[in-house]
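First comes the structure, then the notes that go with it.
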Ligand SMILES: Cc1ncc(COP(=O)(O)O)c(C=O)c1O
């Protein structure tokens, strides 16, 4: 049948891809606020700190000095060198992109053919499965329940690998669970990968500097897999630079070249002024990061204790990032909610607190509360949830 002239038709490659649930919830909360309601949104992963002053100053100076044209597609030499030094790599192994998200998209677009599989331990950051699907691949999600610390086990990894597997996508520290893989855990997963030379490893370490316990990079724990490891990181989270849109990938040269080729046709490269800002961030004093981490740790303990004091909520301590990811199944049973999405909608309507259902991360029965917010907002949010829960049986 012929389409009617002018009728909009989506490409098959974006079938099922919608605006992320996190964005939808945050936008609903923003709309409710605009309608005059007092909404406490604890839903997004945007640090409430400002970008450090010295970073803003460096960006301003770069713009005034005329660094306002296209840069090399893979990024400026100065920034790539700083990133290479940070990761113990060479400049040719580094590509700078418009955020870690574009690094992930570039990697998938550059490597996946239809039907290729990507193993994604669940819960996972919402965009992973959509990026894989958009690139024509198949996301193979592997449940990693709370009882196993939300982490992938070597046996589960081995069972998920097929001849079509191209990548394992690992995220440590994890959004949403905060889980951090120990050196031994990484080594055990690496041992499985050693038996499957066709499987590459993407380690998303964007929250590396937001760790409350020891963090170890996959690249450090399993250096022998360097020729098939892509490390993804950036300045968005630790330096509070989400709007500057700078992330990077560090990996084998042929992969970085392929990713750069993709990027060249999509954005031509990351923003020149933002690259100068990211360079200043990497080269600058990091004591501010430590101070902020101490502050976040206080909030983490406050939120975990507050949630665990509520009947129906069980919240493990996250080791990194700035999210609590409690189990809310008992709360759902108390309130007669069929899904965690229903429970979160009820909390938004009843308590005016916006949090994200675990289903958005592939693990129903949970909810994600971001503690990248001020202590007043967190306290208000916690007491509103507690008050709403008291109205349940
Ligand atoms: C696990 C994870 N990876 C990547 C990103 C994207 O980072 P960026 O803002 O640098 O694109 C996020 C942002 O929330 C994230 O949580």
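What follows draws every value from the coordinates through simple rules; no lab data is involved. Because the structure is a prediction, the values reported are computed rather than measured. So basically every Cβ, Gly included, is an ideal-geometry build from the backbone, and we count neighbours across all protein chains shown.
In nm, to one decimal, how far is the residue 113 label point from the residue 28 one, both placed 7 Å along Cα→Cβ?
4.2 nm
Order the peptides 154-165, 331-342 from the highest to the lowest mean number of other Cβ atoms within 10 Å of their residues.
331-342, 154-165
Want the number for residue 19 to residue 187: 0.36 nm per residue separation, take away the alpha-carbon distance, what's left?
56.9 nm
Using the eigenvalues of the Cα gyration tensor, what equivalent ellipsoid semi-axes result for segment 174-302 when each is taken as the square root of five times the eigenvalue, whole Å, largest first?
Numbers: eigenvalues 133, 113, 25 Å².
Each semi-axis is the square root of five times an eigenvalue, giving 26, 24, 11 Å.
Principal axis extents for segment 54-283, Cα atoms only, whole Å, descending order, please.
55, 39, 30
Percent relative contact order of segment 277-343, based on C-alpha pairs within less than 8 angstrom and at least six residues apart?
After rounding, I find 20 percent.
Can you run the Rg to Rh ratio on segment 123-225? Use alpha carbon positions and the Kirkwood inverse-distance Rh.
That ratio is 0.93, to two decimals.
Mind giving me the nanometre distance, one decimal, between the label points for residue 70 and residue 194, set 7 Å out from Cα along Cα→Cβ?
4.5 nm
Thinking of the chain as a set of Cα atoms, what percent of all their pairs are more than 38 Å apart?
20 percent
Compute the helix-to-body angle for 100-111: its Cα long axis versus the longest principal axis of the chain, expressed 0 to 90° and rounded to tens.
Computed tilt is about 60 degrees.
Quick one: which of 206-214, 282-290 comes out on top by average Cβ neighbours within 10 Å, and what's the full order, highest first?
Top of the packing list down: 206-214, 282-290.
Using a 10 angstrom cutoff on alpha carbons, build the Gaussian network for the chain and name the most mobile of 127, 20, 174.
Per the Cα network of the chain with a 10 Å cutoff, 20 tops the list.
So, in nm, how far is label residue 294 from label residue 158 when the simple model puts each one 7 Å beyond its Cα toward the Cβ?
If labels sit at residue 294 and residue 158, their model points lie 4.6 nm apart.
Helix 53-64 versus the longest principal axis of the chain: what angle, 0 to 90°, nearest 10, using Cα atoms?
The angle comes out near 40 degrees.
Give me the number: length gained by fully extending residue 301 to residue 38, i.e. 0.36 nm times residue separation minus the C-alpha to C-alpha distance, one decimal in nm.
Full extension of this stretch gives 92.2 nm more.
Find how much the distance from residue 333 to residue 287 grows on full extension, using 0.36 nm per residue of separation minus their present alpha carbon separation; answer in nm with one decimal.
Between residue 333 and residue 287, full extension yields 12.0 nm more.
Please figure out what share of the DSSP beta bridges in segment 106-248 is antiparallel and state it in percent, rounded to the nearest 5.
Given both bridge residues lie in segment 106-248, the antiparallel proportion sits at roughly 10 percent.
Counting DSSP beta bridges in the chain, what percent are antiparallel, to the nearest 5?
Looking only at bridges with both residues in the chain, the antiparallel portion is about 45 percent.
Apply the Debye scattering formula to segment 1-106, with a single equal point scatterer on each alpha-carbon and no solvent, then give log10 I(q)/I(0) at q = 0.11, 0.21, 0.24 Å⁻¹.
For segment 1-106, the Cα-only Debye profile gives -0.72, -1.16, -1.28.
Using alpha carbons only, how many degrees (0 to 90, rounded to 10) separate the axis of helix 21-34 from the longest principal axis of the chain?
60 degrees
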